[in-house]
Amino acid sequence: MKTDIILAGVGGQGILSIAAVLGSAALSNHLYMKQAETHGMSQRGGDVQSFMRISDRPIHSDLIAKDSADLILSVEPMEALRYLPYLRSGGYVVTNATPLVNIPNYPDLPTLMATLDALPHRIVLDADKIAEAAAGNSRAGNLVMLGAASPFIDIPFEYLAEGIRTIFNRKGENVVAMNLKALQAGREFAQHQQSVSY
């Protein structure tokens, strides 16, 4: 078992929280994990990415080679496209549809969406809207994204939920409950999309 994941987004969108939950879930499941992060400047909306490699065997490098990522999980649609050269044939892109326009020459949104829609294996969702409806707070959109990616990650879903409890416990039960609802809503969206696609 091996899952190589690229987490992508813009500073302040919760990429590092996703990575922390995933890491906790992997370790609880007695898996090996390596992670490499690049932090942009969140005040300026810089890009943030994290390579996460999870396996049931020892991992020798924390970097993911081009054409070998199993999953790109992006909380911003343009950032999903940035890492497409890393995606293996048959790999999945799971991305938020809501853009964070942080540069003057941000791509035309219809063209960006058409590019995403042309990908053979993708889940595109409005994570902010789903988070607001399911958890009462659009800031839980990053956990909606993790839930939507969960069918493509070789970790039992209950371990991801436990990872949320571990990481957010210090913030109180209300925050934990909100994030668990967001996680579940994202998973249900992805499962529904898969059933419609096949």
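Against the numbered list (1) modelled with pLDDT of 95 or more; (2) open to solvent by less than 40 Å² (accessible area, probe 1.4 Å), Gly46 comes up short only at (1). Among residues that are open to solvent by 10 Å² or more (accessible area, probe 1.4 Å) and either at pLDDT below 95 or among the small types (Gly, Ala, Ser) (or both), Leu63 is included.
Restricting attention to region 93-108, the residues being in contact with a helix residue (DSSP H, G or I) (Cβ under 8 Å, 6 or more places away or on another chain) and either over 17 Å from Asn142 (Cα atoms) or without any contact (Cβ under 8 Å) to a residue 12 or more places away in the chain (or both) number 3. When Tyr92, Tyr86 are screened for being buried (at least 16 other Cβ atoms within 10 Å of the Cβ) and over 26 Å from Ala131 (Cβ atoms), only Tyr86 passes.
The values are calculated or read from the model by the stated rules, or taken from the named source; none is laboratory data. Just so it is clear, the structure is predicted and the values come from calculations on it, not from any experiment. So basically every Cβ, Gly included, is an ideal-geometry build from the backbone, and we count neighbours across all protein chains shown. For accessibility, only protein heavy atoms count, side chains too; no ligands or nucleic acids. Shrake-Rupley method; radii C 1.70, N 1.55, O 1.52, S 1.80 Å.
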